[in-house]
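**Student:** My structure is below; once you've seen it, I'll send some questions.
What follows draws every value from the coordinates through simple rules; no lab data is involved. Source: prediction; values computed, not measured. We place every Cβ from the backbone using ideal geometry, glycine too, and count neighbours over all the protein chains shown.
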Amino acid sequence: MDRLDKVLSNLGYGTRKEVKALVKDGMVEVDDVTASDSGMKIDPEISEIKVSGEIVNYRKHIYLMMNKPDGVVSATFDNYDETVVDLLEPEHQVFKPFPVGRLDKDTVGLLLLTNDGELNHRLLSPKWHVDKVYYAEIDKAVDEKDIRAFKEGITLDDGYECLPAKLEILQADEHGSKVHVTIQEGKFHQVKRMFNSRDKNVIYLRRIKFGPLGLDEELAEGEYRELSQEEIETLKKV
Ligand code: URA
């Protein structure tokens, strides 16, 4: 049970004072009865709240899929750069979501944001080996030897031995290559460093899949949407 004004304020309906004013003006209903006390205790999971006649979409946790653009950092705050959280509407920012893992500033594509710490922890835990799929463009010709090396496990510059990764060549010649890479971990700059260890450079990187979820093609870079209930359930089963 929580105070009505606290619940509405947390959902972005204004400060406690503003919510109090809404209640005073008779704009708030709880289970079809006009609320008279902004401090009334309610269970938002059970009661239906309406503000100005509109049903309040109550949720404790928020789950967003963003098509992260280039030049934005995967953080909640940064002194210099724009962050992925800066790109969210205030109605989503009030939930205080944070990115699930990180994409480099110049990497684009699928980034999940949530305020569900438990799910975040599970998705990032090395224990669960959640597959991440990337589309990458490489400056040189990728070949069968690279595929084998990725499969056997690349050793990074700091000596870390990567888990087996899947490398698929979409196109390759002396001018460069287009590939899909599937990794189970998320070490700092991992895909770039894996190719560096093969004496090659990643010149473009886009994440196209995170666990069971593919990047929604409808989302332009910089856009995001809430996950559907079904997508949330699928993620939680990972
Ligand atoms: N690997 C990288 O090198 N960068 C990313 O942003 C993600 C994976």
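**Student:** Looking at the square roots a ≥ b ≥ c of the eigenvalues of the Cα gyration tensor of the stretch 2-55, which shape do they give, rounded for a/c under 1.5, prolate if a/b is larger than b/c, or oblate?
**Tutor:** rounded
**Student:** Can you pull out the GluC sites (Glu not before Pro) in the stretch 18-81 that DSSP calls coil and that have at most 13 other Cβ atoms within 10 Å?
**Tutor:** Values: sites: E18, E29, E45, E48, E54; in loops: E45, E48.
Loop-located and lightly packed - E45, E48.
**Student:** As I understand it, the dipole of the chain uses +1 on the Cβ of Lys and Arg and -1 on the Cβ of Asp and Glu, about the Cα centre. Which of T83, G176, V100 lies farthest toward its positive end?
**Tutor:** Towards the positive end, the residue furthest out is V100.
**Student:** A follow-up question, please. In whole Hz, with x marking every Gly and Pro, tabulate ³J(HN,Hα) for the stretch 126-143 from phi via Karplus 6.51 cos²θ - 1.76 cosθ + 1.60, θ = phi - 60°.
**Tutor:** In residue order, the calculated couplings are x, 4, 8, 6, 6, 5, 10, 10, 10, 9, 9, 10, 10, 6, 10, 6, 8, 9 Hz.
**Student:** Using all Cα-Cα distances in the stretch 131-210, what percent lands in each 10 angstrom bin from 0 up to the longest?
**Tutor:** Distribution as computed: 20, 61, 19, 0 percent.
**Student:** As a quick test, which of the pairs K68/K145; K96/K192; K17/K50; K187/K209; K127/K237 have an alpha carbon distance above 24 angstrom in this structure?
**Tutor:** Details: K68/K145 32 Å; K96/K192 30 Å; K17/K50 18 Å; K187/K209 17 Å; K127/K237 14 Å.
Pairs exceeding the cut-off: K68/K145; K96/K192.
**Student:** Once phi is turned into θ = phi - 60°, what whole-Hz ³J(HN,Hα) does the Karplus curve with 6.51, -1.76 and 1.60 give for every residue of the stretch 215-230, x standing for Gly and Pro?
**Tutor:** Listing the rounded values in order: 5, 5, 5, 6, 8, 6, 4, x, 8, 8, 8, 6, 6, 6, 4, 5 Hz.
**Student:** Across the chain, how large is the tail of the calculated P(r) beyond 34 Å, expressed as a percent of all Cα pairs?
**Tutor:** Values: 8631 of 28203 pairs.
So the pairs more than 34 Å apart make up 31 percent of the total in the chain.
**Student:** About the Cα centre of the chain, how large is the charge dipole given +1 on each Lys and Arg Cβ and -1 on each Asp and Glu Cβ? Please answer in debye to the nearest 20.
**Tutor:** Rounded to the nearest 20 debye, it is 740 debye.
**Student:** Compute a Gaussian network model of the chain, connecting alpha carbons closer than 10 Å, and tell me which residue from P69, P99, P164 fluctuates the most.
**Tutor:** With Cα springs under 10 Å in the chain, the top fluctuation among P69, P99, P164 is at P164.
**Student:** Would you grab the residues whose amide H sits under 5 Å from the one on L103? Only those 5+ places off in sequence or on another chain, please, with H modelled 1.01 Å from N.
**Tutor:** Residues meeting the amide H criterion: S74.
**Student:** Summing +1 for each Lys or Arg and -1 for each Asp or Glu, what net charge is found among the other residues whose Cβ lies under 13 Å from the Cβ of D32?
**Tutor:** Surrounding charge for D32 is -2.
**Student:** While we're looking at this one, here's another question. If each DSSP helix of 4+ residues adds -39,500 (n - 2.57) and the sum is divided by the residues in the chain, what number results at 222 nm, nearest 500 deg cm²/dmol?
**Tutor:** Computed mean residue ellipticity for the chain: -5500 deg cm²/dmol.
**Student:** Using the beta-carbon distance between A21 and E223 and R0 = 45 Å, what value does 1/(1 + (r/R0)^6) give for FRET efficiency, to the nearest 0.05?
**Tutor:** Between A21 and E223 the formula returns 0.85.
**Student:** Please turn the phi angles of the stretch 196-204 into ³J(HN,Hα) values with the Karplus equation 6.51 cos²θ - 1.76 cosθ + 1.60 (θ = phi - 60°), one per residue in order, whole Hz, x for glycine and proline.
**Tutor:** Once θ is set to phi - 60°, the couplings for the stretch 196-204 become 4, 5, 9, 6, 9, 10, 7, 9, 8 Hz.
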